[in-house]
Amino acid sequence: MARILALDFGTKRTGIAVTDELQIIASGLTTVATKELIVFLKQYISEEKVELFIVGEPKQMNYEASESEVSIAKFLVNLEKAIPQIPVKRVDERFTSKMAFQTMIDSGLKKKQRKDKALIDEISATIILQSYLQNPS
């Protein structure tokens, strides 16, 4: 089997998480400057087999698309052009940043560590991926 890779897309940086080859466990991989994301993904898939990209879908409480969806839509067009062989699925990402922050508190990270926005993005990507693994519809 191949890995599944999830993205918590942001205009400045993007959190990335990945499954193991059996697609059982979601783990944070890294955070990448968004302007370098396509290059990073191309490099990653040249070294690891990836069968699916999961991209967070930010929605407002009323289920309408959030403002950041415009940037994500542009990125998805570029991703399709750059890596057409790997399909993309979207997963609702509401509350993932709050859940990531709570996870950091629950795991005992100090206040200074909890201010690391890159770490929050990586944990958010992991939560998005775990959500997909639990409900892959």
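The values are calculated or read from the model by the stated rules, or taken from the named source; none is laboratory data. Predicted model only: the values in this text are computed from it and were never measured. When we count neighbours, we look across all protein chains shown, and the Cβ atoms used for this are built from the backbone with ideal geometry, even at glycine.
As a summary of the residue check, D92 satisfies the conditions (1) in contact with a Lys or Arg (Cβ under 8 Å, 6 or more places away or on another chain); (2) modelled with pLDDT under 75 except for the one numbered (2). Search the stretch 55-82 for residues being part of a loop (DSSP other than H, G, I, E, B) and closer than 20 Å to L37 by Cα, and hand back the single one that is modelled with the lowest pLDDT. In this case the residue turns out to be S68.
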